[in-house]
Amino acid sequence: MIVAGSMFAAMLPGAALAQNATRDVAKEEANRTLVVEFYDRFFNQHETEQAAEAIADDYIQHNPEVRDGKEPFVSYFTGFFAENPGSRARVVRSSTDGDLVWLHVHSRNSEDDLGQAVVDIFRVEDGRIVEHWDVIQNVPAEAANENTMF
């Protein structure tokens, strides 16, 4: 199985490069700290203008509901928070890989909302958030197992 796994990894684009790359752990941690602090200020304290200082003006957005750019991002969520003042997002875990920061989040619009499990991925360049992807799944009232989504 080790040989098969190695062969599979070798077929992935950039896999060989990633295996041989030297990681800058201090820079990755600085990126993680930047994103986690931004996330708390923006999505929990709703400091949209102040927290958005961490976002580049030409921010690239992969969520299909939000346009590219810092201003459209801030406008979208300023409106969302006005309609959902109890909205909060608890970062459950975070990780880094090069210029990417990954967050696993429990997002809720109110205390009685079961919420959503979210994986947010941010790309950081020169101390600014420049790109974002997310995967979002509703938390069900009942599950087929005893495990939580967090």
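The values are calculated or read from the model by the stated rules, or taken from the named source; none is laboratory data. Note that the structure is predicted; figures quoted are calculated from it, not measured. Neighbour counts are summed over all protein chains in view; Cβ atoms, including those assigned to glycine, are modelled from backbone coordinates with ideal geometry. Surface areas here come from the heavy atoms of the whole protein model, side chains and all, with no ligands, DNA or RNA. Shrake-Rupley method; radii C 1.70, N 1.55, O 1.52, S 1.80 Å.
Overall form of the stretch 53-102: oblate. Here a/c, set by the Cα gyration tensor axes a ≥ b ≥ c, is 1.5 or more, and a/b is not larger than b/c. Peptides 109-122, 31-44, 57-70 ranked from most to least packed by the mean count of surrounding Cβ atoms within 10 Å: 31-44, 109-122, 57-70. Residues in the stretch 96-112 carry Karplus couplings, in order, of 10, 8, x, 8, 9, 10, 10, 10, 9, 10, 9, 9, 9, 8, 7, 5, 8 Hz; the curve used is 6.51 cos²θ - 1.76 cosθ + 1.60 with θ = phi - 60°, and Gly or Pro positions show x. Once the 1.4 Å probe is applied to the protein heavy atoms, the chain comes out at 65 Å² accessible per residue. Taking only protein heavy atoms and a 1.4 Å probe, the accessible area of the chain is 53% carbon and sulfur.
Our note on the geometry: Cα centres of the stretch 111-133 and the stretch 35-92, 9 Å apart.
Calculated mean residue ellipticity, 222 nm, the chain: -10500 deg cm²/dmol, from DSSP H runs (n ≥ 4) at -39500 (n - 2.57) each, averaged per residue and rounded to 500. Each residue of the chain gets 150 Å³ once the volume of the Cα convex hull is shared out per residue.
Summarising the amide proton neighbourhood of ILE60: residues at separation of 5 or more, or on other chains, whose placed amide H is nearer than 5 Å comprise GLY69, GLU131, HIS132.
Helices meeting the span-like rule in the chain (full DSSP H runs, Cα extent of at least 15 Å along the helix axis, mean Kyte-Doolittle score of 0.5 or higher) are absent. Around the amide H of THR96, modelled in the peptide plane, lie the amide H atoms of TRP102, all under 5 Å away and 5 or more residues distant in sequence or on another chain.
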